[in-house]
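Novice: Attaching a single structure in structure tokens format; questions to follow.
The values are calculated or read from the model by the stated rules, or taken from the named source; none is laboratory data. Since we're looking at a predicted model, the values are computed, not measured. Please note: Cβ atoms are built from the backbone with ideal geometry, for glycine as well, and neighbour counts cover all protein chains shown.
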Amino acid sequence: MKVSFYDFTVDDLKAHLSANGLTAFGAIQIFDWVYRKMESNPENWSNVAKATREYFLANIDMSLPVIVWQGLSKDGTRKFLVKMTDGQTVETVAIPARERLTLCVSSQVGCAVGCTFCHTATQGLKRHLKASEVVGQFMTVQKWLLENESPEAKLTNIVYMGQGEPLHNYENMKKATIIFMTEKGIGFGQRRITLSTSGLVPAIEKLAVDFPTVNIALSLHSARNDVRTELMPINKVYDLERLFAAIKKIPLKAHRRITYEYLLADGVNDLPEDVEALSNLLVAKESKINIIPFNEYPGSKYKRPSEQKILWFMDQLIKKGYTVTVRTTKGSDILAACGQLKSAYDNKLNLWELTGSTQNTSSTAPQIQ
Ligand code: SAH
Ligand code: SF4
């Protein structure tokens, strides 16, 4: 089987070219063609040596995940269902907000962590995604936007908040991050990438040492061990004490921010004792809390609190000195909001219903075998 181009960092590609008797300098030119000029056909790489172009045509796979369905939410969020070469599908969501267009990418097909509030968890873990499949989500959506929305359309940010636990797929996500940040390629700076984790302690300890510097979002969801364990079984092993010991090891350079995500579920973690526990755990001046009101999905066991309760909770935290934001729910009409993502086999019904109901969409019914 051919190797995928999208699995190469620029250093990998240099080494690969040299090992095949080709000039290593070609790697930079090729990154420029593929990631900047969006030209993935080696025949058109006019400044690349002929031998290198021929090598690429014969030996390197330039194909991207295939979009099998896409739909537009009323609020402008666009969800894509993409298929990998083995037929597995994942979802990736483009979310516009002011001058930004953020792509929420998946890191795994399903997830093994099993949080009790998460739709993805009901799938279990099917497999990890390769770096090429993560970079591939970005490239395939960027190309689609250029072709279908506007020649100016540009993704500006990436969040690892789709399906899967990115730190459970550490090496592939590390490689994808290096590729996203390569200056001669996509060239995203560290503030444009955010990795969200449920708190896999050994991987956080490793991240502190050898992961490219990006923003970190920690899915905290409760400052009380018993409640957190109910929401996130991972807390049985990596409880708040172990988690925060690991977090303290992350060197907070100027541009690496930690945000605490706090899913708010009615009557579960939105009580006065939760505010109290949070204020004992997080230092107010240093902590940014992002409240995510629970997004319901068919069969979900929790309820979203009322607007009034959400505002009350937020207010309590602001009074304690925290910086607090509430994540607006994007794309919930097409099940594209946090925790609603799930590979479409089981979602088929929803997607079919959608094709009739979504406005301004050029989507077709899903072609899933
Ligand atoms: N696996 C990673 C990243 C993906 S989920 C993680 O858990 O951090 C991105 C965010 O959405 C996480 O904070 C996650 O806890 C949250 N989330 C999951 N299901 C949700 C739901 N049904 N409603 C609201 N937020 C949810
Ligand atoms: Fe996995 Fe994140 Fe869902 Fe938990 S919330 S099951 S870690 S995707």
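Novice: Is there a residue being touching a residue at least 12 places away in the same chain (Cβ under 8 Å), part of a helix (DSSP H, G or I), within 16 Å of ligand 1 (Cβ to nearest atom) and within 17 Å of Phe80 (Cβ to Cβ) anywhere in the range 141-157?
Specialist: No, the conditions are met nowhere in the range 141-157.
Novice: May I pose another question? Check off (1) assigned to a helix (DSSP H, G or I); (2) touching a Lys or Arg at 6+ places or on another chain (Cβ under 8 Å) for Lys184 and give me the number that stays unchecked.
Specialist: Among (1) assigned to a helix (DSSP H, G or I); (2) touching a Lys or Arg at 6+ places or on another chain (Cβ under 8 Å), Lys184 violates only (1).
Novice: For the range 158-181, which residues satisfy the criterion of being within 16 Å of ligand 2 (Cβ to nearest atom), assigned to a helix (DSSP H, G or I) and either aromatic (Phe, Trp, Tyr) or modelled with pLDDT under 95 (or both)?
Specialist: Tyr170
Novice: For the range 109-130, state whether one or more residues are in the same structural domain as Gln163 (by TED's automatic domain parsing), in a strand (DSSP E or B) and more than 30 Å from Asn235 (Cβ to Cβ).
Specialist: Checked the range 109-130: no residue is in the same structural domain as Gln163 (by TED's automatic domain parsing), in a strand (DSSP E or B) and more than 30 Å from Asn235 (Cβ to Cβ).
Novice: Take Asp86 and tell me if it is acidic (Asp, Glu), farther than 27 Å from Cys111 by Cα and either assigned to a loop (DSSP other than H, G, I, E, B) or in contact with a strand residue (DSSP E or B) (Cβ under 9 Å, 6 or more places away or on another chain) (or both).
Specialist: Here the answer is no, as Asp86 does not meet what is asked.
Novice: What are the residue pairs meeting all of these: first residue in the range 108-119, first residue within 19 Å of Thr92 (Cα to Cα), second residue small (Gly, Ala, Ser) and more than 9 Å from ligand 1 (Cβ to nearest atom), Cβ atoms under 9 Å, and 6 or more apart or on different chains?
Specialist: Note: pairs meeting the criteria are Val109/Ser343; Gly110/Gly124; Gly110/Ser343; Cys111/Gly124; Ala112/Gly124; His119/Gly299.
Novice: Residue check: is Ile204 more than 16 Å from ligand 2 (Cβ to nearest atom), at pLDDT 95 or above and hydrophobic (A, V, I, L, M, F, W, C)?
Specialist: Judged against the criteria, Ile204 is not a match.
Novice: Follow-up. Would you call Gln123 modelled with pLDDT of 95 or more and under 18 Å from the mean Cα position of the chain (by Cα)?
Specialist: no
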